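As structure tokens, the structure follows; a few thoughts come after it.
The values are calculated or read from the model by the stated rules, or taken from the named source; none is laboratory data. All values derive from a computational prediction rather than experimental measurement. No Cβ is skipped: glycine too gets one built from the backbone with ideal geometry, and neighbour counts run over all protein chains shown.
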Amino acid sequence: MMDSLAAVLYLILFPGFVFLLVFGLFCEWVDRKVYARLQNRVGPPLFQPFADLIKLLGKEDIIPKNVDSILFQYTPLIAFAAVMTPIIFIPIWSATALFPLQGDLIIALYLLSIPALALFVIGWSSVSLYPLLGGFRAATMLFGYEVPFILACLSCGIIAGSWRISDITAYLEMYPASMLIVIPGFVIALLALEAKLERTPFDIPQAETEIVGGVLTEYSGKKLAVMRLMDDIRMVVGSSLIAAVFLGGFIVSYGSISWAGTDLTNVINFLLYIAKSLMIVFLLAVIRTLFARIRIDQMLDFSWKYLAMGGIFQLFIAVMYIGILHG
Amino acid sequence: MKTEQVVERIKGRLSGIEIRIPRERRVMVYTHLERLIEVLESLRDQGATHISTITVVDRIEENVFEVLYHLYWENNEITVRVEISRENPVVPTVTTILPGALTYEREIQDMFGIRVEHIPNPKRILLSDDWPEGVYPLRKDYAVK
Amino acid sequence: MEKNILIPIGPQHPGFKEPMRLDISIDGEKVVDADIILSFNHRGIEKATEARSYIQNLYLIERVCGICSHAHTTSYCHAVEEILGLQVPDQARYIRTFIGELERIQSHLLWLGIAGHEIGWDTLLMYTWRDRERVNDMLELISGNRVHYAMNTIGGVRRDIAQEDISGLKEGLDLLEKSVKYYIHVITEEETFLMRTRGVGYLSTDKARKLCAVGPTTRASNVKIDVRADDSYAAYLDLDFSVVTAESGDVWGRSIVKTGELVQSIRICRQVLDVLPGGEIRTKAPPKVPTGEAVSRYEAPRGELIYYVKSNGSNMPERVKIRSPTLGNWLVMAEMLKGVYIADVPIVVDAIDPCLSCSARVTMTDYSKGKKVVTTLGALGKWKKGRRGIA
């Protein structure tokens, strides 16, 4: 009984919904602030993303006449739920996640690709030109970034000998030097995540000057707020996943740190987790500042020619490493 | 090229054309509707391939439209001018000689109701879709209240 | 595919800064044909000039365009001064040149920013527009205004450049030169910018000549036409500058030409500040203009601007014809759009730097049949329904 109550609390408060909400909005602020500062602008105040969310929630919610009402209304919720779930597999305050499963890395990767499919469904159900084009573009891009992203993440799994995110983190903590071998994978995963999050230079599905609002053109009010929040949480969860899989070494799980008689290991680990995630958010913002948006054909070209090739290369290195170490 | 040379070259190819030089680098060529194509063709062949615009002046007292083709040739602005009757304002299209004239021909159709014969694309360009037919705003008898 | 799909873009679209409609026929992802409709905000300025005095017209013509306001008034003043036979003082000629070049700098910087925005690179937009502020500040220092400078009057200019401002202006030019050099570096090196602009919206030299393109668009296709050099006006004959051309004929070439012109403009501005002759800034012009006519050409930031003014002896002109550079580039725009990807449409359209307020000069004052036609919201809705949808 107590166990299930604790589980519910975990899911709702920490590290579940409330934590993700707060941290997601904070990351959005960091992203916007960094983007603005790099562009020579002042940038938004700390509570701006929160204010935006509240305001959007209070706005009129319009459902256009011709849309497929059920798909149009509920797909955002599915996408939202899908991006929140992986957090229970990601270690936050210790090397072990909340509910680790065997093979949870695969589950997390697939859950993170659901938003792209949701965007396609939304584009289809909106029955409007721009969402439709945006949806097609989102689905097309999925074929570009998904393979490199999975290849990069799986390399870490091969090195650690487990598909469990917690195991990968623990392994990297035990052998921090192995983080050096996955540096190419880290770069690939970062770029693929940028594409997954549909940000410049891969913001093709929501290219404002080409297809207006992209997939979300017909959305307003609460549903738009949910989709915006989904984007933020996707950024946080994606960053956390990369942090856990590639930067797992920066965690303290063997031994403990205490100060004035209090065990601070979990606090330190939590702060390390926040720092790692924010670093990735920062890198994502820098990438967004530096480049112009490329065309969809150029994006696919780039993904398959460089990212996927790099992913295979990384996988090769990982296999060689395992072979030398254990063979 | 000096303006005098330009005038000489025009005169060398075309006889009986009235030419005035209001100032350096400006040449006015007065011609008739029947000779318009011939004059423009001759100018084009010598290198005046750039048409800047077509101006129409509504000289309502004399009951004529004066159509001015502003060409550009070797640092000189050459204006070829023809007069057409206000009752039946028709000019031949010059897009066969100067393809760039299309926009301006569409403009004078809109603004003055001058019919351009054999124009490749007669659609409206500047006036809005709901502008009434047969009302030409730049004519002098169109009064703005 | 049996039939090409027709996609209407506009009249309201984030890719266009002003109302225009582009009907593009697409085959797959590529544009096959394009038709441009710009009859959305005709303002009737040409007609309005016929009912105003020459001085009043100055203020009206200044408002033909917000970006190249000085180009329009200078061109108009040149035409009227030619009819009047007025000799403009040297100081005024130089000041006109100076303001004209500053205007070109701010216009090209504005374009560069918008071009960045069209290809999703907002960082470029933020940087260039910040520098554009500097130019606007300089213009404010001289004229007191940032957009409509109201510097021209018939017979000269209205304000002098104060001696104590010159050092500040020179400092501003130095800073601008530094950032312009940086932009040139950026647009020639940045890979994603090259990916989006190279080979996009190609216009051959032959087509550019045939379809009578003007300004940077035609210079990027290696046609050396520049009114400042060919048909020199104001003080350009006394100044040293070169006409920038490029050979590639694509959007990238147009960016190279425009940034190259920024360097030249800064050079011209420096020379003007060095050789300002001083003295009178205007000759008095009579209110009535004798019968006559004049054609005046001007190299506006977007290309050749041409004014034809005909006077009838009264204090109002008989006819003022304005041909703005954007109109001269319509035909080539349709030509450049053929064969590009849909994603490239905004940047190709933007590459000619369209300025619709110049091209379509009218407000919908629908005075047909003597009464004003009021469009109701319902009618607007019906109209919209008729247009919407996927073909």
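Report, by residue number, each residue of region A:210-225 that is facing another protein chain (nearest Cβ under 9 Å) and either in contact with a strand residue (DSSP E or B) (Cβ under 7 Å, 6 or more places away or on another chain) or crowded, with 21+ Cβ neighbours inside 10 Å (or both).
A:Glu210, A:Ile211, A:Val212
If I ask for residues that are in a loop (DSSP other than H, G, I, E, B), within 16 Å of B:Val82 (Cβ to Cβ) and β-branched (Val, Ile, Thr), which ones from region B:17-67 would you list?
Hits for region B:17-67 are B:Ile17, B:Thr31.
Check B:Met111 against each of (1) closer than 19 Å to B:Glu133 by Cβ; (2) of a type outside the set (Phe, Trp, Tyr); (3) touching a residue at least 60 places away in the same chain (Cβ under 8 Å) and name the one condition it does not meet.
Tallying (1) closer than 19 Å to B:Glu133 by Cβ; (2) of a type outside the set (Phe, Trp, Tyr); (3) touching a residue at least 60 places away in the same chain (Cβ under 8 Å), B:Met111 fails exactly one: (3).
Name the single residue that is surrounded by the most Cβ atoms within 10 Å (Cβ to Cβ) among those in region C:164-209 being among the basic types (Lys, Arg), modelled with pLDDT under 90 and within 21 Å of C:Ala115 (Cβ to Cβ).
Out of the qualifying residues, it is C:Arg196.
Which residues, taken from region A:1-53, are farther than 25 Å from A:Val286 by Cα, of a type in the set (A, V, I, L, M) and assigned to a helix (DSSP H, G or I)?
Residues satisfying the conditions are A:Met2, A:Leu5, A:Ala6, A:Ala7, A:Val8, A:Leu9, A:Leu11, A:Ile12, A:Val18.
Collect the residues in region A:176-204 that are without any contact (Cβ under 8 Å) to a residue 60 or more places away in the chain and part of a loop (DSSP other than H, G, I, E, B), keeping them in residue-number order.
Within region A:176-204, A:Ala177 is the sole residue that qualifies.
Name the single residue that is farthest from C:Asn329 (Cα to Cα) among those in region B:80-126 being away from chain C (no Cβ under 13 Å) and of a type in the set (Ser, Thr, Tyr).
The qualifying residue farthest from C:Asn329 (Cα to Cα) is B:Ser85.
I'd like to check something: does region C:321-328 contain any residue that is buried (at least 24 other Cβ atoms within 10 Å of the Cβ), more than 13 Å from chain B (Cβ to nearest Cβ) and within 30 Å of A:Leu133 (Cβ to Cβ)?
no
Could you tell me whether any residue of region C:117-138 is surrounded by fewer than 24 Cβ atoms within 10 Å (Cβ to Cβ) and in contact with an Asp or Glu (Cβ under 7 Å, 6 or more places away or on another chain)?
No, every residue in region C:117-138 fails to be surrounded by fewer than 24 Cβ atoms within 10 Å (Cβ to Cβ) and in contact with an Asp or Glu (Cβ under 7 Å, 6 or more places away or on another chain).
Check off (1) within 14 Å of chain A (Cβ to nearest Cβ); (2) out of contact with any Lys or Arg (no Cβ under 7 Å at 6 or more places or on another chain); (3) touching a residue at least 12 places away in the same chain (Cβ under 8 Å); (4) farther than 30 Å from C:Tyr307 by Cβ for C:Asp27 and give me the number that stays unchecked.
(1)
I'm told A:Ala36 meets every condition in (1) within 29 Å of A:Ser277 (Cβ to Cβ); (2) more than 14 Å from chain C (Cβ to nearest Cβ) except one. Can you identify the failing condition by its number?
(2)
Which residues, counting only those in region C:163-208, are out of contact with any helix residue (DSSP H, G or I) (no Cβ under 8 Å at 6 or more places or on another chain) and within 14 Å of chain B (Cβ to nearest Cβ)?
Correct list: C:Ser204, C:Thr205, C:Asp206.
What number of residues within region C:110-134 satisfy the criterion of being closer than 30 Å to C:Asp160 by Cα and within 14 Å of another protein chain (Cβ to nearest Cβ)?
7
Of all residues being aromatic (Phe, Trp, Tyr) and in contact with an Asp or Glu (Cβ under 8 Å, 6 or more places away or on another chain) in region C:292-348, which is nearest to C:Arg219 (Cα to Cα)? Just the residue, please.
So the residue we want is C:Tyr298.
Residues in region C:232-256 that are more than 14 Å from chain B (Cβ to nearest Cβ) and part of a helix (DSSP H, G or I): how many?
Residues in region C:232-256 being more than 14 Å from chain B (Cβ to nearest Cβ) and part of a helix (DSSP H, G or I): 7 in total.
Looking at region A:34-54, which of its residues are of a type in the set (Lys, Arg) and either closer than 22 Å to A:Met227 by Cβ or modelled with pLDDT under 90 (or both)?
Hit for region A:34-54 is A:Arg41, nothing else.
Among (1) closer than 21 Å to B:Arg139 by Cβ; (2) more than 8 Å from chain B (Cβ to nearest Cβ); (3) not aromatic (Phe, Trp, Tyr), there is one condition C:Pro286 misses while meeting the rest; what is its number?
Every condition holds for C:Pro286 apart from (1).
Could you check how many residues of region A:61-71 are over 14 Å from A:Leu216 (Cα atoms) and under 29 Å from the mean Cα position of the chain (by Cα)?
Within region A:61-71, residues that are over 14 Å from A:Leu216 (Cα atoms) and under 29 Å from the mean Cα position of the chain (by Cα) number 3.
Residues in region A:236-263 that are of a type outside the set (Gly, Ala, Ser) and either modelled with pLDDT of 75 or more or not in a loop (DSSP other than H, G, I, E, B) (or both): how many?
10
Filter region C:210-231 down to the residues that are away from every other protein chain (no Cβ under 11 Å) and surrounded by fewer than 21 Cβ atoms within 10 Å (Cβ to Cβ), then identify the one that is farthest from the chain's Cα centre (by Cα).
Looking at the filtered set, the residue picked out is C:Asn222.
Results for (1) away from every other protein chain (no Cβ under 14 Å); (2) touching a Cys at 6+ places or on another chain (Cβ under 8 Å), shown as yes or no for each residue.
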position: A:Arg41; (1), (2): no, no
position: A:Lys65; (1), (2): no, no
position: A:Leu77; (1), (2): yes, no
position: A:Ala82; (1), (2): yes, no
position: A:Thr85; (1), (2): yes, no
position: A:Phe99; (1), (2): yes, no
position: A:Leu105; (1), (2): yes, yes
position: A:Leu111; (1), (2): yes, no
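What single numbered condition from (1) free of Cβ contacts under 8 Å to residues at least 24 places away in the same chain; (2) touching a Pro at 6+ places or on another chain (Cβ under 7 Å) fails to hold for A:Phe47?
(2)
Could you list all residues from region C:299-320 that are of a type in the set (Lys, Arg) and facing chain B (nearest Cβ under 10 Å)?
Answer for region C:299-320, where residues must be of a type in the set (Lys, Arg) and facing chain B (nearest Cβ under 10 Å): C:Lys310, C:Arg319.
Is it the case, given these coordinates, that B:Gly12 is more than 30 Å from B:Asp141 (Cα to Cα), among the small types (Gly, Ala, Ser), touching a residue at least 12 places away in the same chain (Cβ under 8 Å) and surrounded by fewer than 17 Cβ atoms within 10 Å (Cβ to Cβ)?
Judged against the criteria, B:Gly12 is not a match.
Evaluate the following for A:Pro115: is it surrounded by 21 or more Cβ atoms within 10 Å (Cβ to Cβ), within 16 Å of the chain's Cα centre (by Cα) and at pLDDT below 85?
no
On the basis of being in contact with a Ser or Thr (Cβ under 6 Å, 6 or more places away or on another chain) and either surrounded by fewer than 18 Cβ atoms within 10 Å (Cβ to Cβ) or in contact (Cβ under 8 Å) with a residue 24 or more places away in the chain (or both), does C:Ala234 make the cut?
So C:Ala234 passes the test.
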